[in-house]
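The block underneath contains the structure these notes are about, expressed in structure tokens.
The values are calculated or read from the model by the stated rules, or taken from the named source; none is laboratory data. These numbers come from a predicted model, not from an experiment. Please note: Cβ atoms are built from the backbone with ideal geometry, for glycine as well, and neighbour counts cover all protein chains shown.
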Amino acid sequence: MGKVVMYSSVSADGFIADENDQPGPLFDWLTSGDVPLDESGVLKVSQASYDYTRAYWDQIGVTVAGRHVFDLTDGWDGKPPSGIDHVVVVTHRPAPEGWDAEAPFHFVDGVTAAVAKAQELAGDRIVEIAAGDVGGQALAAGLVDEVRMDVVPVVFGSGKRYFGSVNAQHLLQNPDVVQGDRVLHLRYPVRR
């Protein structure tokens, strides 16, 4: 079974979006470099960010996201982002009316059941959990093996928190740190 990783780009003060769900400059590092990150030609990063990010992305089998993110992205038009095989959506509601049942999206009630479904689908590949409320719930439930964050030099002041509404202390191991261009890539194993 693969690792479960909580991940997102984050402001220096711990936010993954502003209060209007807008990421602002959090993803600027993904388009400000000179090394193509994928075949689209849109995503270009520094060499250090490429080496770190591409190796990670290539290991992801399933992404777990909340219904709020699913709705904000219009379900990525039924195609999982970044070449991911499946998306597990944590929700108390059914799939949207008219949703293509053949699309590799799975609607699951509750974070524990969602992570279990994602691990089943991912096999030995990584299960990535989007940071925010769902990621925070998974961390609080002891389901996260590693916390990854791309820390961007911007201060939001308020907005959607990286760890959601987690209100308990969780210890992380010392991080691996990679400096990109206008981004620090941090990887913290979760202390058990």
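Based on this model, can you work out whether residue 148 counts as more than 20 Å from residue 69 (Cα to Cα), of a type outside the set (Ser, Thr, Tyr) and touching a strand residue (DSSP E or B) at 6+ places or on another chain (Cβ under 7 Å)?
no
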Note on region 66-93: residues under 18 Å from residue 116 (Cα atoms) and out of contact with any Pro (no Cβ under 9 Å at 6 or more places or on another chain) are 66, 67, 88, 89, 90, 91, 92
Sole miss for residue 182 among (1) assigned to a loop (DSSP other than H, G, I, E, B); (2) touching a residue at least 24 places away in the same chain (Cβ under 8 Å); (3) out of contact with any helix residue (DSSP H, G or I) (no Cβ under 6 Å at 6 or more places or on another chain) is condition (3)
Which residues, counting only those in region 22-47, are modelled with pLDDT of 95 or more and either touching a His at 6+ places or on another chain (Cβ under 9 Å) or acidic (Asp, Glu) (or both)? 28, 34
Enumeration of residues in region 146-170 that are exposed (fewer than 15 other Cβ atoms within 10 Å of the Cβ) and either among the small types (Gly, Ala, Ser) or in contact with a Pro (Cβ under 7 Å, 6 or more places away or on another chain) (or both): 157, 158, 165, 168
